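The structure under discussion appears below in the form of structure tokens.
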Amino acid sequence: MAKKLVSDLMVDYLVRRGEKYVFGLCGHTVIGMLDALSRREKDITYISNRHESVASTAADGYARLTHKASVVMCHLGPGLTNVLTGVANASFDSIPMVVIAGDVPSYYYGRDPHQEVNMHEDGSQYKILEPVVKRAWRIDDPEALPYIMDKAFRLAESGRPGPVLIDMPMDMFSREVEEELWSRTYKDSQFTYRPAIDPTAAKTIAEKLVNAKAPVLHAGGGILLSQASEELAALAEFMDFPVSRTLAGQGCISDQHPLMIGQTGFWGLEFTHKLTNNADVILGLGTRFAEADSSSWYQGVTFNPDTTEFMQVDIDPYQIGKNYPVSVGAVGDLKIALTQILDEIKKICPEGRKNPALRDEIAKAKADFKKSNEAISNDSRFPMTPQRILRDVKEALPEDAVIFTDVGWNKNGVAQEYDITIPGTIHHSSGLATMGFGSSAVLGGKLAAPDKICVTLTGDGGFGVNPTCLATAVEQGIACTWVVMNNSAFGTIAGLENGSYGTFFGTKFKTPSGESYSPSWAGVAKAYGVDSVCVQSAEEFLPAMKKAIEANKAGKPFLVEAPMENIVVPTPGCWNINDIYKPNEFVKEGKLVEKKDGQWVAPSHSKSHKG
């Protein structure tokens, strides 16, 4: 029987799966794989990066748009430790990814070959990623590889999606095996049907929603992962159910939808909390009810489990009832589940319901919120206000532009104030909240959506984490735009520290003499070969954005640097860290300890103290 190199068989497999890119960085353990990739350049493109975290984060951005597992290749030792943050970010946000990591020769385990990690066990470097992957395999027998490849991709994409690791001792790439061993990979369907929820659960959820006096649908990132936006809108519109959302859920339905009441939690809205806190029934959809979205779980701020009955549907059984007790918990795919629930509601209430008073209340609250930001959004002072930056970005970008945020104002403020109207057009680092996410993820986003304008909004702190993404864009011809909102600080933490302790120590960028310091990011971009503009007034920003878009349309990357005032994002919700920094008599270890007139009393300074 014919034999073939394992590396060639792996590349053949990736091509058959329809993988268009491998994101990576070279090393002596993976040059066998690079050699195989070089022979299939017409079928699959290798995206070389200058840092493994850029590679894994770009792969994350790619998978967010394709909903298919992306592929990352890295070296052992420092390659694996560098790739870790991007893989962890994908894990926390449920993004499918297959990491192929080179390892020391299988016959040298434990002998300290070059760059081996073996502090606790011989041949154990793959365990570095174990805490953040769904499964990690080390290939000790090349004949097992076709089975593992099939299992790896299926596991990454099914259930709650996430990364997996295939650890390849470098000698395995160069082994020859019979092609017949890979015959099973031609037969595998490469697709796993996702489950519906139990019909009894669908019926019970429907009955409780119909009978509720003040129900709320609370949507998380799971709606977007399941591509269930149309189903969510259909359910909400049939009964006029208000819809709140998490940070990761932005864009689940349009922020301008008449039933979308906005984001909850730290950076939520007071009107949103008015409805979620006073709801008698809340149906959580693809959300963990995590701390940031639940105001550190303080009762009576965002949610109140004393007076609200919670129900929850999620693809991951571990999330059900984890943070709030539920009367109904159901495991299943949200796209299917929402259709089931609506079908059951139609049996009970065939004509549906309309609530014009609620729609009017939502419309007024949104109009009032926009009016409250109008003056600062139109302000021409310089450095610019972040609100002015967002206003002009909104004016410049086409509605279907794909936006990646980073950490700070460009995430928290965007999620609060920037209306997204098309599902899947904004992507946040929600779970891990990783600085540097946006500037690298936008690379993968543009590769996945070459016909779209792809932009990242990032701070100077986040962009400074790894500006080598610029090199990748130039080398690979990736025409995206970076908007660097530059306040010469780790702005969010600077505001938090100053509010708590009256100091900016360690959060503002300064020279030894105490002068404010910032690299010229526009100058750095030009040094990398990326056209750029650093605006010198607020009036210059919008023309610079339009210039960037024209450059992108011409196939060129672009960077716009905007000096920005460090204005703290308003935080209508509570954040427990404020009560740690400034102890409050009503709070002990994250719990309210005193009631007033039968109601939970929210810590007063947590409501006013800006994080």
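The values are calculated or read from the model by the stated rules, or taken from the named source; none is laboratory data. Keep in mind that this is a model prediction, so the values were computed, not measured. Backbone-built Cβ (ideal geometry, glycine too); neighbour counts: all protein chains shown.
Of the strands (runs of 3 or more DSSP E) that lie entirely inside the range 281-380, those containing 1 or more residues that are acidic (Asp, Glu) span 309-314.
Is it the case, given these coordinates, that Leu217 is surrounded by 17 or more Cβ atoms within 10 Å (Cβ to Cβ) and outside any helix (DSSP H, G or I)? When the stated conditions are applied, Leu217 passes them.
Of all the numbered requirements in (1) within 23 Å of Val177 (Cβ to Cβ); (2) in contact with a strand residue (DSSP E or B) (Cβ under 8 Å, 6 or more places away or on another chain); (3) touching a residue at least 60 places away in the same chain (Cβ under 8 Å), Ala63 misses one, and that requirement is (1). For the range 98-114, a residue qualifies if it is more than 11 Å from Ala156 (Cβ to Cβ) and surrounded by 24 or more Cβ atoms within 10 Å (Cβ to Cβ), and the qualifying residues are Ala101, Gly102, Asp103, Val104.
For Glu230, the conditions (1) within 21 Å of Ser94 (Cα to Cα); (2) surrounded by 23 or more Cβ atoms within 10 Å (Cβ to Cβ) all hold with the exception of (2).
Applying the criterion of being hydrophobic (A, V, I, L, M, F, W, C) and part of a strand (DSSP E or B) to the residues of the range 454-501, the residue that is surrounded by the fewest Cβ atoms within 10 Å (Cβ to Cβ) is Ala489. Just the residues that are surrounded by fewer than 22 Cβ atoms within 10 Å (Cβ to Cβ) and closer than 24 Å to Arg160 by Cβ, please, taken from the range 204-214. Thr204, the sole residue that qualifies. Looking only at the range 384-418, residues that are part of a loop (DSSP other than H, G, I, E, B), crowded, with 18+ Cβ neighbours inside 10 Å and either more than 25 Å from the chain's Cα centre (by Cα) or modelled with pLDDT of 95 or more (or both) come to 5 in all. The set of residues in the range 325-352 that are more than 27 Å from Ser294 (Cβ to Cβ) and not aliphatic (A, V, I, L, M) comprises Thr339, Asp343, Glu344, Lys346, Lys347, Cys349, Pro350, Glu351, Gly352.
For the range 187-202, check the following and say yes or no: at least one residue is under 22 Å from Leu432 (Cβ atoms), out of contact with any strand residue (DSSP E or B) (no Cβ under 8 Å at 6 or more places or on another chain), outside the structural domain of Ile336 (by TED's automatic domain parsing) and assigned to a loop (DSSP other than H, G, I, E, B).
No, the range 187-202 has no match at all.
Candidates are the residues of the range 146-182 that are among the small types (Gly, Ala, Ser) and within 28 Å of the chain's Cα centre (by Cα); the one that is nearest to Val133 (Cα to Cα) is Gly162.
Of the residues examined, Ile95 is not one that is buried (at least 23 other Cβ atoms within 10 Å of the Cβ), in a strand (DSSP E or B) and within 23 Å of the chain's Cα centre (by Cα). Between Gln227, Gln263, Gln299, Gln250, the distinction of being at pLDDT below 95, outside the structural domain of Gln416 (by TED's automatic domain parsing) and either under 22 Å from Asn323 (Cα atoms) or in contact with a helix residue (DSSP H, G or I) (Cβ under 7 Å, 6 or more places away or on another chain) (or both) belongs to Gln299 only.
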